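The values are calculated or read from the model by the stated rules, or taken from the named source; none is laboratory data. Since this is a predicted model, take the numbers as computed values, not measurements. Glycine also receives a Cβ, built like all others from the backbone with ideal geometry; neighbour counts cover every protein chain displayed. The accessibility values were calculated without ligands, DNA or RNA, using every heavy atom of the protein model including side chains. Shrake-Rupley method; radii C 1.70, N 1.55, O 1.52, S 1.80 Å.
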Amino acid sequence: MEGHSTYQPKGKVAQWFESRLPIVGLIHSSAIAYPVPKNLNYMWTFGAILSFMLVCQIVSGVVLAMHYVAYAPVSFARVEHIMRDVNYGWLIRYIHANGASMFFIAVYIHIFRGMYYGSYKAPREVLWILGVIIYLLMMATAFMGYVLPWGQMSFWGATVITNLFSAIPWVGTTIVEWLWGGYSVGDPTLNRFFSLHYLLPFMIAGVVGLHIWALHHVGQNNPDGVDIKNVAKDSVPFTPYATIKDIFAMVVFLIFFSWFIFYIPNYLGHSDNYIPANPLSTPAHIVPEWYFLPFYAILRSIPDKLGGVLAMFAAIAVLAFLPWLDTSKVRSAKYRPLFRQFFWVFAVVAVLLGYMGSQPAEGGALIISRILTAYYFIHFLVILPLLGLFERPKPVPASIADAVLAKAKGGAVVVAGAAGPETK
Amino acid sequence: MSMRLPCCVRPVAGGFRGRRLRDVHRDDNIIGDCAVAHTETSDTTTRRDFLYIATGAVGAVGAAAMAWPFISQLQPDASVLALSTTEVDLSPIAEGQIVTVQWRGKPIFISHRTPAEIKSAVDTPLSDLKDPQPDSARVKTGKEQWLVVIGICTHLGCVPLGHQGQYNGWFCPCHGSVYDTSGRIRQGPAPLNLELPPYAFTTDTKIVIG
Amino acid sequence: MTIRSSLFGAVAAALLLTAGASGARAQDAHAQPRPHRMSWSFAGPFGMYDPAQLQRGFKVFKEVCAACHSANYLYFRNLAQEGGPHFTEAQAKQVASEYQITDGPNDAGDMFQRPGRLSDHWPAPFPNDNAARAANGGALPPDFSVLAKARSYHVGFPGFITDAFIQYQEHGVDYIHALLTGYEDAPAGVHLQPGLNYNVYFPGHQIAMPKPLSDGQVDYTDGSPQTVDQYSQDVAAFMMWVAEPHLDQRKRIGFQVMIFLIVLGGLLYFTKKKVWSNVAH
């Protein structure tokens, strides 16, 4: 966010203001003049899409909070009041409920893009870890938001997830009662979850600010994983080039989003959440929202209570160590033939874990979950460190301009990795 | 760090307004200028300008349409609208008594006026009034004993007290507005008479407000 | 290449194993048949409620179901609203006035009965859940308000993915229709708990609700067949409307939004191409 500004305010008033609060210059340097690698593909539009989703969730959420009441005996009815009586309430609630899923779809694409192109490697480690923190905050926010309609899945999801903390030796029970504000999930729990559900998105917004700051300090990674060396040759200014591309991608994403809002608004939810919370009867088959399923599968695959909880948290925590677990000097999978294959295997494993998380944990499904869980950790803890030592990467282009040139000559040249003349 | 900017992103003072759809149009103009600077054929320029303007315009329409549900949700919802009528049985209200009922969350004064009160209201010359209105315009013909007014002072919205003040009508304790037995403003800062709610007699002793 | 093929082999094996595991599950579920997918007027991108069907369904609900089931989020005013059974306001008022609603307290402090108004919700048949249980052999008849969205059935892979593409959301009404037409005599060897009834589609097959509908039970004035199958479809459609009263509006707006976004997306695509036309990337 600094260093790129060529902004010179014209006019006396603009100069007067700029010398006191250089905010226009800041915006200019970070959103207009900021140099963007010219070889970015559409995977790089998800940062903008995520910013849009955060705003979308905050705006629709603030509006829903105007009509919602966090009080266990009426919360279910209040949500139905929003769905039935409030003008366009159904639309705003469906935007918010499906928006959470869209947020996670976008964030998973964003994360996997970072993993594929090695966006976590030096000097972007802090940028990556800030991203992991955002992801954690998103999970907490989404989980607490799902509790608010006070349906059966809300109630039992809250019960199961808060009970994770009861696995902590000695003090577990005390901690869980402290989380609940009672001896079971109840009205105090609902109220504190509502309060935190309203607070956390603004914390996310804060960390997103840091994330973008870090990004603009070190510069964007790109599909070829080489840094900008010559701004004129390797990059284009953010506006209009990235701006228009991001807006286009955003509209395409909105078409996808609208499909869910208007045509299958309950597809990603669970029908049991239209049954009011009943503390005396657990639904036959509890599943979390789809975006938690891989971690839920990991939790259930460990036959020990504390072990399962630890494995689940470790599965998220391991992401933060990725910059040091991957020992390769080359960033992009484009020039790492072996890593590329392991990446896709990992992606398939993650999806399969999600599927297993949606299935009842019994028999063969449990064994498969265990194999997949083991692979999940092996990927990070064994494969990635060793790959960097044994893999022979293809020659990396000297600059972004060279990479673009090679692509123009015929994309196959670079991908096939023939000793390209472009890598002098 | 030096950087050559294409002319089309030449900074403009105060130029950045965020990357929302509605601003596409503005950015387009800059790009449009740029196209001219590149000395392309004017034909290409026109087509390009048209594309940018069309995109910006469609985007602006979309942003405006998207805003509507978020504005509309602030309006009274269906359950509030459904409660917008109140039925009142007048038979228990004794002569000389004022009762207060609720309609759309507002107090409604129903005054069963005595003949003296009616007389004093009817006899008041219009020239004495700040907001001239005959008593007959404030009650239903044949039902002159029933005065139904919205119990909200037209000054700043307080609820006046009944059977008080110089005219034995209402007196607003907040800023001293005085109303007569027809609910008309006589003294004080309030500009208008107490407002009349829409109501109708369904039977001799029953009214529906709203 | 050997590494590559062995990796893909491993993935394929994992996929097969996963499919096998879910296949085993499908066998468990076999005892409980999947409800038939009916052709609902409100299915698909342009599907809307059929007011005539909702009126018939309302009649079934009013004359049969409402004896035990509440519908607390259904208001008399809803009967006259856009995208519903299209009763006139006068008809809705008439229906409301047929019911006595407890109101109060009055000036003397007593609760009193008065005829229903449009702003009242559908009166519950029992004063509270415990009374409802006591009157129904210990089982609570669920509230109808969102029941059509609170019921579903297991679709499995890959059906659950294709449903997203064909926009199939009618699992709840399929289930309700199947349940209402799924009463049978208990097969030999099945021991029914006292007070329970055998139903093919109910999870566990033993349901407290006795067979509620029989042919000819409700008089239709529009010539529709007076069969259990028709009653079930109509009342299921009605329940879907009660659960999702703004479906018509949702799909209408959805279509406009889609057209708009496609036009805007097209324009942006060409704008983006133009902007980038002088940059090799």
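Write down Rg/Rh for segment A:81-176, rounded to two decimals, with Rg from the C-alpha atoms and Rh from the Kirkwood relation over Cα pairs.
We get a ratio of 1.11 for segment A:81-176.
When only alpha-carbon atoms are used, what values of Rg and Dmax, in angstrom, describe segment A:18-126?
19.6, 56
Can you give me the Kirkwood hydrodynamic radius for segment C:82-205, using every pair of distinct Cα atoms, in Å to one decimal?
Radius from the Kirkwood sum: 18.9 Å.
Under the Kirkwood approximation applied to all pairs of distinct alpha-carbon atoms, what is the hydrodynamic radius of the protein assembly as shown in Å?
After inverting the pairwise mean of 1/r, the radius is 32.7 Å.
Can you show me the helix-derived [θ] at 222 nm for chain C, built from DSSP H runs with n ≥ 4 at -39,500 (n - 2.57) apiece and divided by the number of residues, rounded to the nearest 500.
Values: 9 runs with 124 residues, N = 281.
So the calculated ellipticity at 222 nm is -14000 deg cm²/dmol.
Return an integer: the convex hull volume of the alpha-carbon atoms of segment B:80-209, in Å³ per residue.
Taking only Cα atoms, segment B:80-209 has a hull volume of 99 Å³ per residue.
Relative to the longest principal axis of chain A, what angle (0 to 90°, nearest 10) does the C-alpha long axis of helix A:72-84 take?
So the inclination is approximately 60 degrees.
If you bin every alpha carbon distance in segment A:296-381 into 10 Å steps from zero, what whole percent lands in each bin?
17, 46, 27, 10, 0
What's the longest uninterrupted piece of chain C once you rule out the GluC sites (Glu not before Pro) that are loop residues per DSSP with at most 13 other Cβ within 10 Å?
In short, C:185-281.
Can you give the longest stretch of chain A with no exposed loop site, where a site means GluC sites (Glu not before Pro) in a DSSP loop (not H, G, I, E or B) with at most 13 other C-beta atoms within 10 Å? Mind showing how you got there, number by number?
Details: sites that count: A:E2, A:E362.
Of all site-free stretches, the longest is A:3-361.
Dividing the alpha-carbon Rg of chain C by 2.2 N^0.38 Å yields what?
Rg over 2.2 N^0.38 Å, computed on Cα atoms: 1.34.
With helices defined as uninterrupted DSSP H runs, which ones in chain C have an alpha carbon span along their own long axis of at least 20 Å and mean Kyte-Doolittle hydropathy of at least 0.5? Intermediate results must be reported in sequence, preceding the final value.
Working: long enough: C:2-28 (39 Å, 0.74); C:228-243 (22 Å, 0.47); C:247-276 (42 Å, 0.54).
TM-like helix candidates: C:2-28, C:247-276.
Roughly how many percent of the accessible protein surface of the protein assembly as shown is carbon and sulfur, given a 1.4 Å probe and a whole-percent answer? All intermediate terms of the calculation are to be shown ahead of the outcome.
On the way: 27010 of 41980 Å².
The C+S portion of the solvent-accessible surface of the protein assembly as shown is 64 percent.
Quick check: the angle from helix A:125-147's long axis to the longest principal axis of chain A, C-alpha only, nearest 10 degrees?
So the helix axis and the longest Cα principal axis differ by about 30 degrees.
Using only protein heavy atoms and a 1.4 angstrom probe, determine the accessible area buried between A and C, summed over both sides, in Å² to the nearest 100. The partial results should precede the final answer.
Numbers: alone 21030 and 17120 Å², together 33090 Å².
Its buried surface, counting both partners, is about 5100 Å².
Excluding ligands, DNA and RNA, what is the solvent-accessible area per residue of segment A:118-204 at a probe of 1.4 Å, expressed in Å²?
Computed with neighbouring chains in place, this is 42 Å² per residue.
Once you sort the root eigenvalues of the Cα gyration tensor of segment C:132-281 as a ≥ b ≥ c, which label holds: rounded (a/c under 1.5), prolate (a/b larger than b/c) or oblate (the other case)?
Details: a/c = 3.36, a/b = 2.38, b/c = 1.41.
Cα axes put segment C:132-281 in the prolate bin.
Which shape class, rounded, prolate or oblate, goes with segment A:238-327 when its Cα gyration tensor gives a ≥ b ≥ c as root eigenvalues, a/c under 1.5 marks rounded, and past that a/b bigger than b/c marks prolate?
Verdict is oblate for segment A:238-327.
For C:K149, give me every one of the lysines with a C-alpha distance below 24 angstrom, ignoring sequence neighbours fewer than eight places off in its own chain.
C:K59, C:K62, C:K211, C:K251
Going by alpha carbons, how many degrees (0 to 90, nearest 10) lie between the helix axis of A:187-218 and the longest principal axis of chain A?
That helix lies at roughly 0 degrees to the long axis.
What is the interface area between chains B and A, defined as buried accessible area summed over both chains with a 1.4 Å probe, reported in Å² to the nearest 100?
That pair of chains buries around 2900 Å² in total.
Would you calculate the convex hull of the Cα atoms in segment C:126-178 and tell me its volume per residue in Å³?
99
Once the Cβ-Cβ distance between B:D131 and C:N130 is put in as r, and R0 is 56 Å, what FRET efficiency do you end up with, to the nearest 0.05?
On the way: r = 58 Å, r/R0 = 1.04.
Calculated transfer efficiency: 0.45.
If the viscosity is 0.692 mPa s and the temperature 37 °C, what translational diffusion coefficient in µm²/s does Stokes-Einstein give for segment A:130-262 when Rh comes from Kirkwood over Cα pairs?
D = 177 µm²/s.
Please compute the modelled spin-label separation between A:E177 and C:H154, points set 7 Å along Cα→Cβ, answer in nm with one decimal.
It works out to 3.8 nm between the two label points.
Using the alpha carbons of chain A, what is the convex hull volume per residue in cubic angstrom, as a whole number?
So the per-residue hull volume is 175 Å³.
P(r) for segment A:1-69, please, calculated from all Cα pair distances in 5 Å bins and given in %.
For segment A:1-69, the pair-distance distribution reads 3, 14, 13, 14, 13, 12, 14, 10, 5, 2, 0.
What shape does segment A:306-349 have by the C-alpha gyration tensor, where a ≥ b ≥ c are the square roots of the eigenvalues, rounded means a/c under 1.5, and otherwise prolate means a/b greater than b/c and oblate the rest?
oblate
As a test question: what accessible area, to the nearest 10 Å², does A:M312 have when a 1.4 Å probe is rolled over all protein chains in place?
Only protein atoms counted, so the area is about 20 Å².
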